[in-house]
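All of the numbers you see were taken from the coordinates with simple rules; none came from a lab. Predicted model only: the values in this text are computed from it and were never measured. Every residue, glycine as well, gets a Cβ built from its backbone with ideal geometry; the counts of neighbours run over all protein chains shown.
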Amino acid sequence: MPSMWSSPPAKLTAAARTLLRQIADHDHGSGVLFEVMPRARWAHPNTLAVFNSRTFYPLADRGLIDVGNGHTDPVKLTAAGRAYLEGPAQ
């Protein structure tokens, strides 16, 4: 349970929402295997969109995605991520 002194989590950035949506659109149970690129970026294999590593952090910290070991595992949408996308607009 969150402390009464803790602030509510900040809204997701537009980039994080886009990343979450792209993972959801392409994760059919086995996840999405991103290609690690130079300068701390990851390329989406289906859309060719490139995301900074830090875009994954708020999604993983909130349990919306599972990044596995972060380099060779596919990124998977979690039940919490699915619920977030089905919930009210953020």
- Task: Could you check, for segment 50-67, whether at least one of its residues is touching a residue at least 24 places away in the same chain (Cβ under 8 Å), assigned to a loop (DSSP other than H, G, I, E, B) and of a type in the set (S, T, N, Q)?
- Result: no
- Query: Looking only at segment 12-49, which residues are surrounded by fewer than 12 Cβ atoms within 10 Å (Cβ to Cβ) and not in a loop (DSSP other than H, G, I, E, B)?
  - Reply: A14, E35
